[in-house]
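Everything below concerns the one structure shown next.
Just so it is clear, none of the values below were taken in a lab; they were calculated from the coordinates. Predicted model, so just to flag it, every value in this text is computed and none were measured. A quick note on method: Cβ atoms are made from the backbone with ideal geometry, for glycine too, and the neighbour counts reach across all protein chains shown.
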Protein chains: 2
Amino acid sequence: MILASFGVAVLSAVLAMSAAAQSFAGGKWIDLTHPFDSDTIYWPTAKTFEKQTVFEGRTPGGYFYSAYNFCSAEHGGTHMDAPVHFAEGALPADRVPVSQLIGPGVVIDVADRVATDVDYLVGPADIEQHEKAHGRIPRGAIVLLRTGRATLYPDAEKYMGTAERGEQAVAKLHFPGLSKEGAETLVARGIGAVGIDTPSIDHGPSKDFAAHVALMTHNIPALENIADMSELPPRGSTIIALPMKIKGGSGGPLRIVAHVPSP
Amino acid sequence: MILASFGVAVLSAVLAMSAAAQSFAGGKWIDLTHPFDSDTIYWPTAKTFEKQTVFEGRTPGGYFYSAYNFCSAEHGGTHMDAPVHFAEGALPADRVPVSQLIGPGVVIDVADRVATDVDYLVGPADIEQHEKAHGRIPRGAIVLLRTGRATLYPDAEKYMGTAERGEQAVAKLHFPGLSKEGAETLVARGIGAVGIDTPSIDHGPSKDFAAHVALMTHNIPALENIADMSELPPRGSTIIALPMKIKGGSGGPLRIVAHVPSP
């Protein structure tokens, strides 16, 4: 009788969960997000993250309380570039569909090529080589480019070529990115979003931001400064990338996590 | 031959997706997040949301570009209270486990009781009544309290009793919340997080913030100013609630979405 009641309780708990919630119960979560603090990496010309203490301690009411205010550029740390960042009239941060930001994860690993060329551009050949080994990129995929640079974060000089701030530092930026043709290939696959473990989807020396423009004119957002992806498989993960919902925003802070099912 | 290749392509696309990604392919996403703008609701004493234009238009390089900076209190709009907001030494915003913020959704609807008592406190009886009808709340559930007030947002006077700002306005706050005993009942169920469609998990007249303290001393975060839940079933949804990763933060902007499977 005890066993029978236990069975009913378990059945009832399982019935209360959707298939998605059940599939998340196994496997593990990997947080692909760098925290926001005074070390957070920003473009050399962007306003950095500031946090001010409002209150921290015991209140006259007898309970503990802590609260802070903060300021930031939309584009810094782990963040989303909304399509309107580089395409007039394209989707702002609050209007990128959720269905585009949650989907099957595809990780294209180019760390070996970046090791010998810091300004390496991921192109169609890298994408096709990945597809040959792991299958065609599915529609709605969230494609993450692993350059292996996440482990250098937040050392700005190592991570992006310079720790200097201001306009004159932009010419000193060096890090890998996605080529214009690579961006066009991903657009043709009907992906939901593309992410990279560098400060920008265009590489450091870019002057025309051609990958941004190619993606964003097709309403594909870019996810930048993604944290270490080394625990992610080339395919089979689920990526959830939810940005702060800034009305009319050109982007904003992003929380991005991956679920990797049990082997 | 063509049909056979098509079959292989479909099979290959399905194999590339995890069970979770596949289960999200059907059903629909509901965004439970209010946007951040100049109308965003804050506590009468908190710093409101401000957005400044950095650039908006055609650049000398020939491409369009838009970017903004923003400032905010951690606690405003749709946001998370991290446990350290009301419990010394408890988890800050960046350290609340992702596994606690993604899970089966349970919606307890008390809108009928709130209709006749704006300061209604959701208590153990409401929770037990819900369980009698829909089964026991599973461990790790994200329990959302639907008071029906989300549709009044962002009209501060209707939504929370006053549109005044400053310390003297706090005494004029009126909206429903969770009782201390209700919070203790949810802690006993081993839930991951609790959310509500009002500015605070304690009701408007609260002076001791007993629900906050009861939840947060057990490292349970509260999700506040959740948007309209009327399309969510009492159980069977999957809730994904990802906050901005502010290091040491007492909370912060939250993006919360629900997946409702096809019937």
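Tell me, A:Phe49, B:Phe36 in order of fewest to most beta-carbon neighbours within 10 Å? List each step's numbers first, then the result.
Numbers: A:Phe49 22, B:Phe36 27.
Placing the least packed residue first, the sequence is A:Phe49, B:Phe36.
Classify segment B:111-263 from the C-alpha gyration tensor, please: rounded if a/c falls under 1.5, else prolate or oblate depending on whether a/b exceeds b/c.
Details: a/c = 1.37, a/b = 1.29, b/c = 1.06.
The shape class here is rounded.
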Nonlocal amide H pairs with B:Phe36, under 5 Å, H built at 1.01 Å: A:Lys245, A:Ile246, A:Lys247
Magnitude of the charge dipole, chain A, Cβ model with Lys/Arg +1 and Asp/Glu -1, debye to 20: 780
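Quick test of the membrane-span-like rule: which DSSP H helices of chain B reach at least 18 Å along their long axis (C-alpha atoms) with mean Kyte hydropathy at least 1.6? Before the final figure, lay out the partial values.
Numbers: long enough: B:2-15 (20 Å, 2.48).
What comes out of the filter, once short or polar helices are dropped, is B:2-15.
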Virtual spin-label span in nm between B:Lys207 and A:Arg58, 7 Å along Cα→Cβ: 1.9
Residues A:Leu223, B:Leu152 arranged by fewest to most Cβ contacts within 10 Å: B:Leu152, A:Leu223
Exposure proxy ranking, count of Cβ atoms within 10 Å, fewest first, for B:Arg165, B:Arg146, A:Arg255: B:Arg165, B:Arg146, A:Arg255
Selection from B:Tyr159, B:Gly148, B:Pro233 lying farthest towards where the dipole of segment B:144-246 points positive, charges on Cβ: B:Pro233
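What's the average, rounded to a whole number, of partner chain beta-carbon atoms within 10 Å of each residue's beta-carbon in A:52-65?
On the way: counts 3, 2, 7, 1, 3, 1, 1, 3, 0, 4, 2, 10, 10, 9.
That works out to 4 on average.
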For segment B:221-263 versus segment A:247-261, the gap between their alpha-carbon centres in whole angstrom: 14
Unit charges on C-beta of K, R, D, E only; dipole of the protein assembly as shown, Debye: 840
Cβ-Cβ FRET estimate between A:Ser262 and A:Asp155, R0 fixed at 25 Å, reported to 0.05: 0.15
Gaussian network model of chain B, Cα within-10 Å springs - most flexible of B:Thr116, B:Thr40, B:Thr59: B:Thr59
Cα-Cα pairs of the protein assembly as shown separated by more than 43 Å (percent): 17
Separation of alpha-carbon centers, segment B:150-193 and segment B:52-109, rounded to whole Å: 20
